[in-house]
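Just below is one structure, and these are the notes that go with it.
The values are calculated or read from the model by the stated rules, or taken from the named source; none is laboratory data. In this text, all values refer to a predicted model and were calculated from it rather than measured experimentally. Neighbour counts run over all protein chains shown; Cβ positions are idealised from the backbone, glycine included.
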Amino acid sequence: MTNPSLLIVRDLHVSVEGKAILKGVNLTVNAGEVHALMGPNGSGKSTLSFCLMGHPKYHVTSGQILYLGQDMAALPPNERAAAGIFLAFQYPTAIPGVTIANFLRAALRGVRGQDVPVKEFRQIVKANLNALGIAESFMSRYVNDGFSGGEKKRLEILQMAVLAPQLAVLDETDSGLDIDALKTVAEGINALRAPERGLLLITHYQRILNYLTPDVVHVLVNGRVARSGGPELAHELEAKGYETFRDQETVTPVAS
Amino acid sequence: MTETWSEVTIDRLAKQLREPGWVTELRRTALARHRELPWPHPSDDVWRRTDVSLLDPSQGFVPAEPKLLQAVPLDHPQVARSLKPLDGEQLAARLNGSWLSPPALTGVNVQELSDAAKSSPAVVRRLLESNGLTDAEEKFASLNAAFHHDDLFIQVPGGVRVEQPVRLLHLLSVAPKQAVFPMTIITVGSGSSLTLIDEYISIPAGSSEPHLVNSRIELILESDATVHYVRLQRWAPTAREFLLQRATLSGGAHLTMANINLGAALSKAHIATRFTGEHAESRLYGFVFGHHTQHIDQHTLQDHQAAHTFSDLQVKAALQDQSRMVYTGLIRIAKRAQHTNAYQANHNLMLSRDAQAETIPMLEILADDVQCKHGASISPIDEEQTFYLMSRGVPREAAERLVVMGFVEPIVQQIPFAPLQEQLRQEIEGSLH
Ligand SMILES: Nc1ncnc2c1ncn2[C@@H]1O[C@H](COP(=O)(O)OP(=O)(O)OP(=O)(O)O)[C@@H](O)[C@H]1O
Ligand SMILES: [Mg+2]
């Protein structure tokens, strides 16, 4: 018996406010694998990540998202989270007035489908704060409210660590981090790696891939995966940029 | 019917309250004034969004002097909850204009107004005679001046720091169509400090008929006094309210005020802060929780009459069902009030498509070297916030609840007393649907 792939994105077409952004994305992430998704600004990387999470503004016009063999189309974001999908946002949303402690408690309750005893919750939080080198006073701050860029990214990783998802999609979690923070974040991600888990890492930079060697690298250009390859592809992109892909795109005939 | 609201009623009140003759005279003067004043003009921006005839006692309401009030069932859940002292507070509870038990408050003198009128006539007279209202305001306030009962005079002498928060609980048990006129006067002496929680509850005798509350609250801060004042408005869903709430700040006085509006079918509140001395500062926070078909109309006035004064005002409303909020806020800075900073913000969170909000800032600035800012918003729950929470496993309903509680939290934070903060959070969250 073979387990279904962790994630299969099949010929996914997505539009936002009537504008087509993803134009047939295909992608398979198996358990235990790390995939990197790279691509120029505006190519649709965040759009794909929002679709995986079920953002109501992003309309899947055709194609499929299968998670552990199950079609996600009808599932609201919270049920996808409960099923084990996690998205670290490129631009995390501020929720003024809601403390991180209350927020994490509600999240854990949602993912587990039942209340988490206070004592256990404290233990989980404490262990993860320590591992990520975050002060406990952080817990009484309001979610992303007035946070620096780096603090926001750390909070995303803290949430991921607390929720321990099976599929984590990290949208540029490495951007805007100083070298030490990048290392801590990479360690946080590594700590979560396991044979049954998978990781989709959206990034512009090779440097995070030095810590988390990807099994597969995809290049998303203009709403399509233009190329997939091994870790060497990331190095190639770092050296040459996306010029060659842009040229390919321009020769592709586009219906006007 | 107008006979009901006449000198006859005043005389009966005077007899029951055993007040000095000059107090009764002031009542008569106020009634005469009420009769000669016009009703607010339909074009008046501060009044025209509320049908004020609903607040006219002569539209079928009857006086509810102390003796005529119903007995309150003390085991009524809301009454029982409020009667339980919170950790660390001094509680003084009144029922229908009498003390439930004689108040024993450290650092604070509490008297019924008729007694205070005998022991400190000059002070009380000055307060009762003070005006500074618009004609339209006085049209309603004069009714309280004529018919007030359940009236309290609270005084902190100069140089006293009252350490423990004081909660004054006013319980009113009203029959349908009764009108009540509570008055609370609070004076805090030079250099003194006080934290006061002023809680108002009405318990109607089961009927959908309205009752009327016309109340007046005066806060007087002498120089360098520091006051944290919280008003908890928990009128019954059948109540109609007119409120005149004023604070007067002498030089160097600091006021932090939180007005929490939870009840009433209709509420028209005028909340004014006057700065009469330099370096006086006030921070005013308001929260309105609208539900069912509630209509809440709040007018605020930040009245800067002295230089180097500061005011920050933030009124927030969370509106569900078919509730409606009207906010008009005036910042007035007199010519002599240079170097004043005044801020005003009104934010409305719409929790239902059928809820409505209007917000109108008004500025009258005569000084030229001042800073003044205002901001307003009317918006539904932010979909991006909801999505962020849902992406973490929080179901939609719980996510929206969190966002609403986050909206309220900055106001709750201004309540200088943690046990009450927690009680309010639970109460507000419990009423969200
Ligand atoms: N909510 C939206 N409303 C309108 N346009 C949108 C929205 N979201 C995405 N787009 C558009 O879709 C395209 C792809 O955006 P997306 O954010 O997915 O790119 P990206 O690959 O993540 O880019 P970056 O590397 O800059 O983060 C862009 O042209 C963007 O303007
Ligand atoms: Mg992006």
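Observations on the structure shown:
- Scanning region A:94-142 for residues that are closer than 25 Å to B:Asp382 by Cα and either among the aromatic types (Phe, Trp, Tyr) or out of contact with any strand residue (DSSP E or B) (no Cβ under 8 Å at 6 or more places or on another chain) (or both) yields a count of 14.
- Count of residues meeting criterion [touching a helix residue (DSSP H, G or I) at 6+ places or on another chain (Cβ under 9 Å) and either of a type in the set (Lys, Arg) or without any contact (Cβ under 8 Å) to a residue 12 or more places away in the chain (or both)] in region B:128-173: 3
- Matching residues, region B:384-407, being within 7 Å of chain A (Cβ to nearest Cβ) and among the small types (Gly, Ala, Ser): B:Ser391, B:Gly393, B:Ala398, B:Gly406
- Cross-chain or 6+ apart pairs with Cβ under 7 Å, region B:368-386 first and among the charged types (D, E, K, R), then part of a strand (DSSP E or B): B:Lys373/B:Tyr343
- Residue in region B:282-296 that is of a type in the set (D, E, K, R), surrounded by fewer than 23 Cβ atoms within 10 Å (Cβ to Cβ) and in contact (Cβ under 8 Å) with a residue 12 or more places away in the chain present: yes
- Of all residues in region B:78-91, those that are at positive phi and in contact (Cβ under 8 Å) with a residue 24 or more places away in the chain have Cβ atoms under 9 Å from Cβ atoms of residues that are surrounded by 14 or more Cβ atoms within 10 Å (Cβ to Cβ) and not in a helix (DSSP H, G or I), 6 or more apart or on another chain, in B:Gly88/B:Gln164; B:Gly88/B:Pro165; B:Gly88/B:Phe417.
- Selection within region B:201-260: residues that are small (Gly, Ala, Ser) and not in a loop (DSSP other than H, G, I, E, B). The member of this set that is farthest from B:Phe140 (Cα to Cα) is B:Ala258.
- Conditions (1) closer than 14 Å to A:Val34 by Cα; (2) in contact with a strand residue (DSSP E or B) (Cβ under 7 Å, 6 or more places away or on another chain); (3) part of a helix (DSSP H, G or I); (4) of a type outside the set (Phe, Trp, Tyr): number failed by A:Ala186: (2)
- Once region A:48-70 is narrowed to residues that are within 15 Å of ligand 1 (Cβ to nearest atom) and away from chain B (no Cβ under 14 Å), the residue that is surrounded by the fewest Cβ atoms within 10 Å (Cβ to Cβ) is A:Thr61.
- Members of region A:71-81 found to be at the interface with another protein chain (Cβ under 10 Å from one of its Cβ atoms) and either of a type in the set (Asp, Glu) or buried (at least 19 other Cβ atoms within 10 Å of the Cβ) (or both), listed by number: A:Pro77, A:Asn78, A:Glu79, A:Arg80, A:Ala81
- Matching strands (runs of 3 or more DSSP E) fully within region A:1-95 where at least 1 residues are more than 18 Å from B:Phe387 (Cβ to Cβ): A:7-16, A:19-29, A:34-38, A:58-67
- Selection status of A:Pro96, more than 24 Å from A:Glu151 (Cα to Cα), in contact with a helix residue (DSSP H, G or I) (Cβ under 8 Å, 6 or more places away or on another chain), within 8 Å of chain B (Cβ to nearest Cβ) and more than 16 Å from ligand 2 (Cβ to nearest atom): no
- The one condition from (1) assigned to a strand (DSSP E or B); (2) at pLDDT below 95; (3) within 18 Å of B:Thr248 (Cβ to Cβ) that B:Ser173 does not meet is (3).
- Boolean, B:Ala80 is closer than 24 Å to B:Ile10 by Cα, surrounded by fewer than 13 Cβ atoms within 10 Å (Cβ to Cβ) and of a type in the set (A, V, I, L, M): no
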